[in-house]
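Below is one structure, written out as structure tokens; the observations come after it.
The values are calculated or read from the model by the stated rules, or taken from the named source; none is laboratory data. Not measured: the values here are computed from a predicted model. When we count neighbours, we look across all protein chains shown, and the Cβ atoms used for this are built from the backbone with ideal geometry, even at glycine.
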Amino acid sequence: MNATAATSYICGRYNVPAWVAWINIGIAGYAQEPLGKLFQVAKVTDERQTRVAYPGFRFSKLMPLTTLITREQPCNDYKTDTLYDMEGLAFAELASRFSCNELTFLFKVVSDTNAKQLRRIKPSYVEKLLAQNMRTIFLLVDEVKELVKEEKRRLDISNDVKVVLSKFHFSASRKFQLVQKYRRWKTAFPNTPFSKACAHAKSAGDVIHTLDEMLISAVFDRPSS
């Protein structure tokens, strides 16, 4: 099963939420040794450079960044400072549909070079390459977990908001406004119950208007009327 098929299967099978990170750790060809060197892909393109993606938050303190070219067929001539594989671009394009682009990651281990071409790469060889990078990989996973927590908090909607959404009819645009304004309101009024703030609202428009008034009052540091 290739990376894109596996990604689609996981997302469909487990109903993955929007704040989950998608990580592809694989092998790639590179012009220079050492074999087993780990890179983060900062840019990935097809061989014609007609499609391009810039996946993931950068972890330049943990590893070097470079460009990846995804080809349809294996190649025998690697250009300097460029990785080569056959799946990275498709994975980046697909995974970023299920989550934000900053939580889509490509990490590649150098498996062969211009000087050491491999016609057939055995699973045991790949395991060996990954094993020598496990310490860094574990550090990466810990960093990604923190990003996931932040994204979950950003996307999380309180039960109070859900009650308001069920009580009044909100169009898609007004629902978006409500969520955005609620997050700003919660920052300005962390100790005020949302249900109390919207107690007198009789429509979705009233809710939005009430939030606007309270946010304005917070800016000018005066109580809302």
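One table, with the values for the structure above:
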read-out: Meets criteria (at pLDDT below 85, in the same structural domain as residue 214 (by TED's automatic domain parsing) and either under 30 Å from residue 57 (Cα atoms) or surrounded by 12 or more Cβ atoms within 10 Å (Cβ to Cβ) (or both)) for residue 176; value: yes
read-out: Looking only at segment 69-110, and only at residues there that are polar (S, T, N, Q) and surrounded by 22 or more Cβ atoms within 10 Å (Cβ to Cβ), the one that is nearest to residue 47 (Cα to Cα); value: 70
read-out: Residue in segment 131-144 that is assigned by TED's automatic domain parsing to the domain that holds residue 58, under 30 Å from residue 41 (Cβ atoms) and modelled with pLDDT under 90 present; value: no
read-out: Single unsatisfied condition, residue 158 versus (1) closer than 23 Å to residue 19 by Cα; (2) modelled with pLDDT of 85 or more; (3) polar (S, T, N, Q); value: (2)
read-out: Of the criteria (1) in contact with a helix residue (DSSP H, G or I) (Cβ under 8 Å, 6 or more places away or on another chain); (2) surrounded by fewer than 16 Cβ atoms within 10 Å (Cβ to Cβ); (3) closer than 23 Å to residue 104 by Cα, which one residue 153 fails; value: (1)
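Per-residue answers, yes or no, for (1) farther than 24 Å from residue 149 by Cβ; (2) over 18 Å from the mean Cα position of the chain (by Cα); (3) free of Cβ contacts under 8 Å to residues at least 40 places away in the same chain:
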| position | (1), (2), (3) |
| --- | --- |
| 11 | no, no, no |
| 16 | no, no, no |
| 42 | no, no, yes |
| 75 | yes, yes, no |
| 95 | no, no, no |
| 99 | no, no, no |
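Per-residue answers, yes or no, for (1) closer than 30 Å to residue 202 by Cβ; (2) within 17 Å of the chain's Cα centre (by Cα); (3) exposed (fewer than 10 other Cβ atoms within 10 Å of the Cβ); (4) free of Cβ contacts under 8 Å to residues at least 40 places away in the same chain:
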residue	(1), (2), (3), (4)
119	no, no, yes, yes
123	no, no, yes, yes
132	no, no, no, no
142	no, yes, yes, yes
160	yes, no, no, yes
164	yes, no, no, no
167	yes, no, no, yes
